[in-house]
Amino acid sequence: MSSKYQMWMTFNGGTEKLQFPVLPEQIDIRKGLITRSVNIQDLGETIVSLGKSAIIISFSSFFPAAMFPGVQISADEMVPPNDLKDKITVWQKSDKPVRFFVTGPATSGIGIGLYYKILNFPYFERGGDVGTLQYSLVLKEYTEVRARKVQVRDDVAIIPEPAPVRVDNRITPYTHTVVSGDNLTFIARRYLGDGNRWREIFDLNRDIISNPCLIFPGWVLRLPAA
């Protein structure tokens, strides 16, 4: 039976989303020297924290290859485990953070809904359950650093309080203008390092391309993140 709680991670200004199909048994939330393990239902409770050190969140779960009663999404929304793994891997390699949050009753615990960098994402396939991927995920709170101007008046340095910084994790869009002799495989190899990723370019440009074998000089194609 599915839970009334959902766990999500988003990227690129919320345009890319991933719902975790199976909730972890617990989430470890650490800040400084204090670590607390909580169940999803307990995230609305106050989490003790000291100092200004970054929050680190870690948990383990799995991406199922088939439906079962504990899956939080419908059969139509099921995504192959390898696709979920590849998406998180791309996000991990980016210099932009992800946003992690839990939806449901009273999920206002400290650290939920902030921006994070993916520190660690090991995964493996366990014997006897072909296609299902076990994984662990470690996230560290992300803060953009900006220099503050120092005003000097009467030999006294005045350092103003920093204004709140709004994190922007949108990816700058990449494009390629088609020239004579181009094809999607060549473009994918040039920009993404793998010609087999041509389909990603095709999927991003279906409003322009009807046949992936036919592209014409002058077309400006959107490119996925490398």
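Bear in mind that the values in this text are calculations on the coordinates, not laboratory data. Please read these numbers as outputs of a predicted model, since none were measured by experiment. Every residue, glycine as well, gets a Cβ built from its backbone with ideal geometry; the counts of neighbours run over all protein chains shown.
Pairs with C-alpha atoms separated by more than 24 Å, drawn from the list K4/K140; K4/K117; K96/K140; K31/K87; K85/K140, are K4/K140; K4/K117; K31/K87.
At a 10 Å Cβ-Cβ cut-off, how would you order E25, E141, fewest neighbours first?
Result, fewest neighbours first: E25, E141.
Scalar couplings 3J(HN,Hα) for the range 21-29, obtained by applying the Karplus form with A = 6.51, B = -1.76, C = 1.60 to θ = phi - 60°, are x, 10, 6, x, 5, 7, 10, 8, 10 Hz; x denotes Gly and Pro. Each Lys or Arg adds one and each Asp or Glu takes one away; over the other residues whose Cβ falls under 15 Å from the Cβ of L133, this sums to -1. Taking Cβ atoms as reference points and 10 Å as the exclusive limit, the residues near W8 contribute a net charge of +2, counting Lys and Arg as +1 and Asp and Glu as -1.
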